[in-house]
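Following: one structure in structure tokens, then a few remarks.
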Amino acid sequence: MNSISANLNIMIKASEKASKSLIRDFGEIENLQVSMKGPSDFVTNADKKVEKILIDELSKAKKNYSILSEESGYIKNNDEDNIWIIDPIDGTTNLFHGIPHFCICIALKSYEVITTGLIFDPIKDEMFYAEKNNGSYLNNKRIRVSKKKNLNECLFASNGKKYKNVQLANRNSGSAALDMAYVASGRYDGFFQENLNLWDIAPGILLIEEAGGIINKADIKKINDIEVITSNPSINEKMLKILDKF
């Protein structure tokens, strides 16, 4: 196993523990109690259970770190320079409909820099993780962005209204975090989307950077309404020329 930091080890163990509850709930979709948070944004008991486990485990290991979580918001602790950023389930709508494409997201933001990121897909047992200046990995195997140079051969991930008419082959999987993990691992060649939240994208930004990709736009000083544009280096300028029209 490649050498990892104590903080990443904490994140891995927390996500593995939380995933057990999530896998059980996925197997019993019909028993989930669902409330509406938005037109297509479901909050389930699974969200709340996963979040509690993650917060409990992360706080137990680093009790002074502050926390920013999708469901609970900002939890201020003594250390405000180190912040755990949590999305208990990215892809909740997929989960609710029995689609096995969702993930647990954790990132550590230290002094305004994302230093550690993890995206765990418990159903496929795929754990993507990265640390600043230490590369990106999928289940302990080093990953890199794709090397494609021809836009006609590329596949992009996107969602939202702004880029709906872009003439590029793109997919909407229902999980922005996994979309970014797939860019980092070379499955997708780029990703562009607006109106995202920090917990959706924080680990993915680091994964892509450490896998050799280019982040053109992603303001991590914001919490909401963030736009992200990213791709492999070979097609970046060509992609930007198309997206600049929108």
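The values are calculated or read from the model by the stated rules, or taken from the named source; none is laboratory data. All figures in this text were calculated on a predicted structure; none of them were measured in a lab. Every residue, glycine as well, gets a Cβ built from its backbone with ideal geometry; the counts of neighbours run over all protein chains shown.
In the range 100-112, what residues are out of contact with any helix residue (DSSP H, G or I) (no Cβ under 8 Å at 6 or more places or on another chain) and either small (Gly, Ala, Ser) or within 14 Å of Gly27 (Cβ to Cβ) (or both)? Spell out how you get there, then give the answer.
Residues of the range 100-112 that are out of contact with any helix residue (DSSP H, G or I) (no Cβ under 8 Å at 6 or more places or on another chain), as a first pass: 110-112.
Across the range 100-112, the qualifying residue is only Ser110.
Would it be correct to say that Gly160 is assigned by TED's automatic domain parsing to the domain that holds Asn224, on the phi > 0 side of the Ramachandran plot and touching a helix residue (DSSP H, G or I) at 6+ places or on another chain (Cβ under 6 Å)?
Taking the combined requirement at face value, the residue does not satisfy it.
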* Structure fact -> Residues in the range 217-235 that are buried (at least 17 other Cβ atoms within 10 Å of the Cβ) and not hydroxyl-bearing (Ser, Thr, Tyr) total 8
* Any idea which residue in the range 68-85 is nearest to Asn197 (Cα to Cα), counting only those that are of a type in the set (Asp, Glu) and surrounded by 14 or more Cβ atoms within 10 Å (Cβ to Cβ)? -> Glu70
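Condition test on Ser69, is it modelled with pLDDT under 95 and of a type outside the set (Val, Ile, Thr)? Talk me through it step by step, then tell me what you get.
On the way: modelled with pLDDT under 95: no; of a type outside the set (Val, Ile, Thr): yes.
It is false that Ser69 is modelled with pLDDT under 95 and of a type outside the set (Val, Ile, Thr).
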* **Conditions (1) farther than 17 Å from Asp200 by Cα; (2) in a loop (DSSP other than H, G, I, E, B); (3) at pLDDT 95 or above; (4) not aromatic (Phe, Trp, Tyr): number failed by Lys52** => (2)
* Can you run down the residue pairs with Cβ atoms below 7 Å, 6 or more apart or on separate chains, where the first is in the range 111-133 and at positive phi and the partner is assigned to a strand (DSSP E or B) and surrounded by fewer than 22 Cβ atoms within 10 Å (Cβ to Cβ)? => Tyr111/Asp81
* Structure fact -> The residue that is modelled with the highest pLDDT, considering only those in the range 1-36 that are surrounded by 14 or more Cβ atoms within 10 Å (Cβ to Cβ) and over 20 Å from the mean Cα position of the chain (by Cα), is Asp25
* Pairs only if they're at least six apart or on different chains, beta carbon under 7 angstrom, first in the range 140-160 and among the hydroxyl-bearing types (Ser, Thr, Tyr), second surrounded by 15 or more Cβ atoms within 10 Å (Cβ to Cβ) and assigned to a strand (DSSP E or B); list them, first residue then second. => Ser158/Asn170; Ser158/Phe191; Ser158/Phe192; Ser158/Gln193
* Residues (closer than 15 Å to Asp244 by Cβ and basic (Lys, Arg)) located in the range 143-173 -> Lys162
